[in-house]
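Here is the structure we will look at.
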Amino acid sequence: MLTIKEYTVEEIKDPFGIIEGDRYEFLLYIEVPEDDELYNEKGIYIKALFGANGDKSRLIKYDLFEVETNNYLDFDLEEDEEKEIYEFCKTHVTVEDDNE
């Protein structure tokens with residue numbers, strides 16, 4: 001299970017109207033136990049691209065980065081972790097939209 005310490009979300013604007021629906025970029029700062037293979041003493045964040053179109057949504061892409069250096073980390077999350085990221089993004093996009 002991932003522990004998200006903090007996050008930011010930003011809507012990606014499509015000035016040309018090419019993309020159907022809305023796109024959001026999430027930066028998810030996660031806490032990783034020392035015994036986890038993802039552990040990095042400099043910290044890790046996930047940059048996730050999330051798409052929402054009506055009642056359909058999906059996690060389009062994600063990448064992991066080291067917090068201190070912003071270096072890309074060549075790791076994949078496990079399937080259950082990807083699902084957690086999807087659910088987090090889906091929930092927090094809804095919250096953001098409701099506050100407008």
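Filtering the range 65-93 to residues that are farther than 25 Å from K13 by Cβ and open to solvent by less than 40 Å² (accessible area, probe 1.4 Å) leaves E66, L73, L77, E81.
Only one residue in K47, K13, K42, K5 is within 14 Å of the chain's Cα centre (by Cα), of a type in the set (K, R), farther than 16 Å from L77 by Cβ and open to solvent by 60 Å² or more (accessible area, probe 1.4 Å), so which one is that? Spell out the reasoning first.
On the way: K47 fails: farther than 16 Å from L77 by Cβ; K13 fails: within 14 Å of the chain's Cα centre (by Cα); K42 fails: within 14 Å of the chain's Cα centre (by Cα).
Sole residue among the options that is within 14 Å of the chain's Cα centre (by Cα), of a type in the set (K, R), farther than 16 Å from L77 by Cβ and open to solvent by 60 Å² or more (accessible area, probe 1.4 Å): K5.
The values are calculated or read from the model by the stated rules, or taken from the named source; none is laboratory data. Quantities reported herein were computed from a predicted structural model and do not represent experimental measurements. Don't worry about glycine lacking a Cβ; one is built from the backbone with ideal geometry, like all the others, and counts go over all protein chains shown. What goes into the accessible areas is simple: the full protein's heavy atoms, side chains included, and nothing from ligands, DNA or RNA. Shrake-Rupley method; radii C 1.70, N 1.55, O 1.52, S 1.80 Å.
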